[in-house]
Amino acid sequence: MSWELTAADLPDLARGATLLGTGGGGDPYIGKMLVEQVLGDRSITILDPEEIDDDLFVIPTAQMGAPTVMIEKIPAGFEPTLALRTLEEHLGRRAGATMPIECGGINSMIPLLVAAETGLPVVDADGMGRAFPELSMETFAVYGVHGSPLAIAGERGERVIIDTGDDDRQMEWLARGITIRLGGVAHIAEYAMRGADVKRTAVPRTISMALALGRAIRLAREDHRSPFEAIATTLTTTLYSHVRELFVGKVSDVERRTTDGFAKGVAVISSLDPSSDERLEIVFQNENLIARKNGKVVAIVPDLICVVDHESAEPITTEGLRYGQRVRVLGISTPAMMRTPEALQAFGPTAFGLVEPFVPVEGDAAAAKAARTFQTDARAVVTAQGARA
Amino acid sequence: MHIGIDVGGTNTDAVLMDDTRTLAAVKHATTPDVTDGIVQAIGDLRAGHHFDGEQISAVMIGTTHFINALVQAKHLAPTAALRLGLPATKALPPLVDWPAELVKALSARSYLAHGGYEFDGRPISPLDPDELRSHAADMKAHGIRSVAISSVFSPVNHDLEIEAARIVGEVLGPDVAISLSHEIGRIGLLERENATIINAALRELASEIVDGLTAAVRKQGIEAPIFLSQNDGTLMDEDYVRLYPVATFASGPTNSMRGAAVTSGLTNCAVIDIGGTTTDIGLLINGFPRETSNEVKVAGIRTNFRMPDVLSLGIGGGSIVNEETAEVGPESVGYRITTEALVFGGSTLTATDIAVAAGRADIGDPSKVAHLDPAFVDRVLTRIAARVAEAVDRMRTSPDPIPVVAVGGGSILLSDELPLFGAVHRPDNYAVANAIGASIAQVGGEIDKVYAIEPGRRDEAIAEVRAEAIDKAIAAGARPNSVSIVDFDEIPIPYLPGNATRIRVKAVGDLDMGGPR
């Protein structure tokens, strides 16, 4: 069912999107304020992906760049809509809706900003199911929808079209270079597709999931229930069914560099017990990629590695990590469509140069069961499409 | 011996300490001119336990003046926020996330100008001196007396903030204070800018207060160094306070929690500090105030300070009581309590009058509140207890029972039993816990420098900087075995060669009372 999102939903959505950002994705607080400034008392129509018309023309919108830059250089405001209009002009076709390419972090908000400015509805789905650092790391691309042509816009009104055909890596590489020239943050429109392609290639209902997670954490705190149980309960009804506590401790070191347009680094979390030498090491490239407990892998991309406040469960981004913070680290399983061999090739460990193989955070047996269900579901979608055609 | 003084909006408390032992403690109404209150307080301390001026090795002062000014939106200078960053950042101009009443109280004006740097040190756009002069002329026309200047990526390169300050200063003249964001905050434009605007709004008040404090102490024949406590519980000298009053911002809660820990002997508890104007509620975990994690909101404004996680309610001894609704605060008569409260012959019904009417305190003339309806008095106290209990309940994160400690002069407003939490602990010297907290404040050493870190040598480089900060804290007077690193921040500066990184480290330890600083 489609539903209306108002400014009152934005704080919960921002919290949930930060959790799904797995440390990266940029601070949605700034995105939230950008939407608030434009939206006022109006609302935004959110479309359920199962219900959209197969011919609905969807142009996703997003911000790209390094999170360390986003918290410092705020947009002028018009850039994402300018990117969308530029791509429409290039394609000679108007969009009927926009959509996130990434449900974690600030990119949960950018399509809402575009919607608030243009009146377009937003499809409740995305192409990452979390946050990833590169534009090619999309389920859209994995299942055959390509990013090109891409329109990119900067705060001085600069516009660039990139068309690399089916080569999404090359598209990412060129767009990244332009983003660095534009000062480390730029706004884009890409992965234009039909409604039928959304149904086939997008991770469904991730906006409503982020909102539900953010709301569950807040309500649990207000009622003095465990926010961690609230997270687990909320996830059981989604495609992200498993959550595991990987570590509890204190941030003892954070090393970060802004290189090649990314915020890269390592965070070390030490045990709260000073006599224990247990530690968890998290390597990040904008997002958390791998968590090693005393050297042993406990979670790895594409599964979610989320650092949260040890009591309130407020998610903490890598740029928000500070020495001495008390934190809990959660591992959350991803939908089966994000763990197929093709998906792992696009955004699994090897895509980040990690040598460790993918291991499901919930263990192999549970993962195998989820994969079987996905295959059944995927067949059902294909059958349904066949029936409609 | 040393002296700890807490200057609140309502009361000035002072303690004479010998290390951590309290030799004398006094409480006085804060006077309109803070000087008189401090002169009286030190005079009374001397009467309680004689000392000579030269026996005092240090005077530590904690004040809630600055936060009270912000919470009550009073005594704030007309302030302009000027940001350098156009054409970027236009979507969220300065003051965008501020509560409307506070913007009004500051007569605040927001200006965007060209300037700022990209992450790699390229200019976003060059400064436009004519644009800045025209903004400054507009500030002048609107009676602006303090200016906060922020610039995109100024923690990486602050040249443009300094240059803009020069240009704006030429138009506005030397009497207008200018605060620069790179001196106040870290990466995160909106949070750093907000802290800078708060600082700017407090600059005039800061000079007034520091002048008063210094004069008062010297008048008592004490020539020892004077320190003010900062948010993190460490001390800073008077000149620093004039420039950066925002750094004292949360010292009240820090001092009261440290004081509550010392006086109650509890290490895990909720601390309720009721002063004249506000009630501050915080949690003590293993003897240390629980800190906020990411975002710190002060009077509804988002900043990125490290400070204790405190919930403030506008309830205090000087709070004005609404005679119809029985609601208390947030308006307070403040230091005027000794003339305005009913028990002191005034005409304003305050929370203190209610406490006296209920027989909870013996202050002023009880006959002046004898006419109050006992049912009404009960209603007010029940309402206060319910609001405080609800706030403590919001602060705790599990339903497990937690002891509750009440400190501060206004804690007489609180019943002995609190809904949900049971008995309230009231330690000895509870009324002067803030002054005790200020007196045990710590000293710190901070290193803030750009280092070129060779590949593979990061660990060594960091170890060196940490050792340097620890040495600095010891040189500042910290007892060596008490020093630890409390803050560490690393900002890569990609446009400089050689892996240049700005490293900030703060080491903190207990002030060694045995010798000079």
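List of remarks:
- Criterion applied to B:Ala148, B:Ala165 was being away from every other protein chain (no Cβ under 14 Å), surrounded by 24 or more Cβ atoms within 10 Å (Cβ to Cβ) and not acidic (Asp, Glu), and the one residue passing it is B:Ala148.
- Checklist (1) over 24 Å from B:Asp510 (Cβ atoms); (2) in a loop (DSSP other than H, G, I, E, B); (3) touching a residue at least 24 places away in the same chain (Cβ under 8 Å) applied to B:Gly456, failing item: (3)
- When every residue of segment B:181-204 is checked against the conditions, none turns out to be outside any helix (DSSP H, G or I) and of a type in the set (Asp, Glu).
- Hits in segment B:478-498 (condition: facing chain A (nearest Cβ under 8 Å) and either more than 33 Å from the chain's Cα centre (by Cα) or at pLDDT below 70 (or both)): B:Pro494
- Contacts under 8 angstrom Cβ, first residue in segment A:49-67 being away from chain B (no Cβ under 14 Å) and free of Cβ contacts under 8 Å to residues at least 60 places away in the same chain, partner surrounded by fewer than 18 Cβ atoms within 10 Å (Cβ to Cβ) and not in a helix (DSSP H, G or I), 6 or more apart: A:Glu51/A:Met1; A:Glu51/A:Ser2
- A:Ser226, sole failed condition from (1) more than 24 Å from A:Leu354 (Cβ to Cβ); (2) away from every other protein chain (no Cβ under 14 Å); (3) of a type outside the set (Lys, Arg): (2)
- For A:Thr233, the criteria (1) surrounded by 19 or more Cβ atoms within 10 Å (Cβ to Cβ); (2) closer than 20 Å to A:Val308 by Cα; (3) more than 12 Å from chain B (Cβ to nearest Cβ) hold in every case but one, which is (1).
- Number of residues in segment A:23-71 that are surrounded by fewer than 19 Cβ atoms within 10 Å (Cβ to Cβ), charged (D, E, K, R) and either in a loop (DSSP other than H, G, I, E, B) or not assigned by TED's automatic domain parsing to the domain that holds A:Leu182 (or both): the value is 6.
- Pairs where the first residue, in segment B:123-145, is crowded, with 16+ Cβ neighbours inside 10 Å and in a helix (DSSP H, G or I) and the second is of a type in the set (Ser, Thr, Tyr) and at pLDDT 95 or above, C-beta under 8 Å, 6+ apart: B:His135/B:Tyr111; B:Met139/B:Tyr111
- Screening the candidates A:Ile161, A:Ile152, A:Ile217 for the property of being over 23 Å from A:Ala263 (Cβ atoms), touching a helix residue (DSSP H, G or I) at 6+ places or on another chain (Cβ under 8 Å), part of a strand (DSSP E or B) and among the aliphatic types (A, V, I, L, M) yields one hit, A:Ile161.
- Hey, B:Pro94 buried (at least 20 other Cβ atoms within 10 Å of the Cβ) and either part of a loop (DSSP other than H, G, I, E, B) or not hydrophobic (A, V, I, L, M, F, W, C) (or both) or not: yes
- Test for B:Ala423: is it surrounded by fewer than 16 Cβ atoms within 10 Å (Cβ to Cβ) and in a helix (DSSP H, G or I): no
- Test: residue in segment B:410-419 that is more than 14 Å from chain A (Cβ to nearest Cβ), among the hydrophobic types (A, V, I, L, M, F, W, C) and either outside any helix (DSSP H, G or I) or within 25 Å of B:Ile503 (Cα to Cα) (or both): yes
- Scanning segment A:223-250 for residues that are part of a helix (DSSP H, G or I) and more than 20 Å from the chain's Cα centre (by Cα) gives A:Pro227, A:Phe228, A:Glu229, A:Ala230, A:Thr233.
- Any hit, segment B:46-65, residues being of a type in the set (A, V, I, L, M), over 21 Å from B:Ser439 (Cα atoms) and away from every other protein chain (no Cβ under 14 Å): no
- Cβ pairs under 8 Å, 6+ apart, first in segment B:373-387 and touching a residue at least 40 places away in the same chain (Cβ under 8 Å), second of a type in the set (Gly, Ala, Ser) and surrounded by 13 or more Cβ atoms within 10 Å (Cβ to Cβ): B:Phe376/B:Ala326; B:Arg379/B:Ala326; B:Val380/B:Ala326; B:Val380/B:Ala351; B:Arg383/B:Ala326; B:Ile384/B:Ala351
The values are calculated or read from the model by the stated rules, or taken from the named source; none is laboratory data. No experiment lies behind these values; they were computed from the predicted model shown. As a convention, Cβ positions derive from the backbone with ideal geometry for all residues, glycine included, and neighbour counts pool all protein chains shown.
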